[in-house]
Every structure is written in structure tokens, then in C-alpha cells.
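The block underneath contains the structure these notes are about, expressed in C-alpha cells.
The values are calculated or read from the model by the stated rules, or taken from the named source; none is laboratory data. The structure presented is a predicted model; accordingly, all values stated were derived computationally and were not measured. Reconstructed Cβ throughout: ideal geometry from the backbone, glycine too, with neighbour counts over all protein chains shown. Note: areas computed on protein heavy atoms with side chains; ligands, DNA, RNA excluded. Shrake-Rupley method; radii C 1.70, N 1.55, O 1.52, S 1.80 Å.
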Amino acid sequence: MNIVFMGTPEFAVPSLDMLIAEGYNVVGVVTQPDKPQGRKKVLTPTPVKAAAERHGLPVFQPVKLRDPEAAARLAEWKPDLIVTAAFGQILPKAVLDMPVRGCVNVHGSLLPKYRGGAPIQRSIINGESVTGVTLMYMAEGLDTGDMISYVQLPITDEDTSGTMFDKLSEAGSRLLLAEMPRLIAGETTAVPQDDAEASYARNLTREDEKMDWSRTSRELFNQIRGLVPFSGAFTVWDNQVFKVWAAANPDHSNITSSSDAGQAEPGTVLQLNKAGIEVCTGNGSLWLTEVQPAGKKVMQAADFARGGTLKPGTVLR
């Protein structure tokens, strides 16, 4: 049976590696085009492309899979089953109808909740305590297809988007492995999603990174965790971006807070010491533990505090 794999980020690599390790006949890999990375804008292959080349697999990188030429190129592989994981493009009907065993997707949420491109980040930002992976058949809508199976994972207060990406990508590969015999035999049982329970996890923008100090300490703590390690949250100090990469858990912290916590204007720096930087929020305060001033590297907030450039009473915007 010919299997075509589609994926782009690191999240998809364990599923591809599993298919190869288990001896499945992956005839080709489709991934997004190479993109410039870093300050020097070096053209860099996607993690899935790098994995495919490591396995000696042919790689196809269409700008738009909807183009008839792209679908014709894909048809040359004569896929019986298409497996996708965080591919980054919606599959057109011509592709969905191509394999006799259909197209399945390893999706990083418990559908129908968090359809869309940023389910892992949104689940943490929104304060969810449980998430998971859903294996689903693909349809023309965005993550709307029938669900084959799923697995749940807890989100702890120590988790970030980075740790959950790793956990869910491995869980997704195991879930796919368990279902592969039934997928190949055409013996899966799938159930429709309840659209009334659906929510959309849109891709993150610069607006999502801005810290609003009038929000609760818990909401800000979740926002920071949901943006690590990809972009980080940020506030503004001295008319420059001041990034925040980590904060102490406001619900389980042994750090002594200022008596002005929750009384001063939100965003006010209350104190700076070896514990970090305490900032007033809408319902108390939040201790920043890893920060990045403009033009500097990420550093421990305690080390930054010793520099003495940020003073108590300063209001972060």
C-alpha cells in the first residue's frame, strides 16, 4: 500500500519516523517550501523535509496544493492512504478523493475544540488543564472531518507550548501506530464532530504577545507559557519591547509579595530582588523570572535586576 505523508514542523516528525520504523511503504513526503530563518535569512528546510531526506524519501514542496499541477504531481505517487500532521495547508477535494483509504490527520487537540492552526498554544493560553490528540479523517472544512480515535494528556503548570508540542507529537505517533492496521484494512470506525461544541484556534499574531497588566496574574502566567518557546510575551519599558519568557506560578509561589500588590496601577514594578521582578496585575502581582531587554539575550530576571536600570515604581505598558 502506497502511503504519502504530509507535514511541516517538528510536531509531525515522530509520526513520519514511526511509519518508516514500522516498515510502512511511504512513497513520498509533502511539506511546505523552505523559508528564510534567522537574521541572515538563510533558506532552511522544514523539519519534516530534513527527516524525509534522512530516510531517503522523495520530497514535494508545493506553494499551493490547490494548484492542478500540484495535484497531478501528487497523483504520480498513486497514494492509497494520505497521512497528515500539521501540514499547514487545507487539502483540496481533488486530493481528498485521491486515496482509496482516505486522508487522515493527526491533530493536536481534543476535537471539536480548538480546530485551526494553533491548538496547543491556545489551550495553554486559555488555561485548559487537559488537551490531547485526535486522529481524524480529513474533509473540505478546517479540521471538520469524522473522528477516528483520540488520546488525552494533562497540561500541568510547568508545561509550556514547547513541552506540550513534544508530548503531543509523541502521543500522536503512538495513536497513529495503533490505528494503522485498521486504516489500511478499511476497518476504522469514525464518528462525526459536534459542530455546536467547536472552537477555532486561530494562528497567533503580534497582538497575542502583548501583555495587558490589568488582567489577572493567572491569565498572564498562562499567556507567557503559551508563547514559549516560539515568540515570548512582551511589555513596553522605556519605549522599547521588553520580553518576558517565564514567570513564577502565582497560585503556588513561595515568594513574598509586596504589600502594594494589587493596589498600585497595573504594570507597576513593585520590587526587584533575587526572586526576580514583581509587577502589579489586575488582581495582585506576578513575579517575572526570565526576561529579555531590547537588544539583549534572554536572562534570569534576578540577574537583570542587579543591573539597577529598572526601578520600583516604573510602570510597564
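Worth a mention:
- Among the protein heavy atoms, those of Glu140 account for about 120 Å² of accessible surface (1.4 Å probe, every chain in place).
- Against the compact-protein benchmark of 2.2 N^0.38 Å, the Cα-based radius of gyration of the range 206-315 scales to 0.94.
- Rounded tilt (10° steps) of 161-185 against the dominant C-alpha axis of the chain: 20 degrees
- When the Gaussian network model of the chain links Cα atoms closer than 10 Å, the mean-square fluctuations of Arg202, Arg215, Arg39 top out at Arg39.
- Each listed q (0.08, 0.09 Å⁻¹) maps to a log10 I(q)/I(0) for the chain, found by the Debye formula over equal Cα scatterers with no solvent: -0.44, -0.54.
- Long-range HN-HN contacts of Thr268 with modeled amide H, under 5 Å: Cys280, Leu316
- Dividing the summed -39500 (n - 2.57) terms of all DSSP H runs of n ≥ 4 by the residue count of the chain sets its mean residue ellipticity at 222 nm at -7500 deg cm²/dmol.
- Shown is the FRET efficiency for Ser129 and Glu207, computed with R0 = 30 Å from the Cβ-Cβ distance and rounded to the nearest 0.05: 0.75.
- Residue order by solvent-accessible surface for Trp213, Trp245 is Trp245, Trp213, largest first, with ligands and nucleic acids left out and a 1.4 Å probe.
- Rounded to the nearest 5, the antiparallel percentage of DSSP beta bridges internal to the chain is 70%.
- Protein-only accessible surface order, largest first, of Tyr114, Tyr150 at 1.4 Å: Tyr150, Tyr114
- For the chain, modelled as a GNM whose springs connect Cα atoms under 10 angstrom apart, the maximal fluctuation among Asp212, Asp67, Asp303 occurs at Asp67.
- Comparing Ala94, Ala198, Ala21 in a Gaussian network model of the chain (Cα springs below 10 Å), the most mobile by mean-square fluctuation is Ala21.
- Sequence of Val151, Val48, Val228 when ordered by accessible area, the most exposed leading, probe 1.4 angstrom: Val151, Val228, Val48
- Descending Cα extents along the principal axes, the range 30-149, whole Å: 44, 41, 26
- Using alpha-carbon coordinates, inclination of helix 217-227 to the longest axis of the chain, degrees: 40 degrees
- For the range 307-312, 3J(HN,Hα) computed residue by residue from phi via the Karplus equation (6.51, -1.76, 1.60; θ = phi - 60°) reads x, x, 7, 9, 10, x Hz, glycine and proline entered as x.
- For the range 85-236, share of DSSP beta bridges that run antiparallel, in % to the nearest 5: 85 percent
- Difference of contour (0.36 nm per residue) and Cα-Cα distance, Ser199 to Ile90: 37.5 nm
- The charge dipole of the range 1-134, taken about the Cα centre with unit charges on the Cβ atoms of Lys, Arg (+1) and Asp, Glu (-1), comes to about 500 debye, rounded to the nearest 20.
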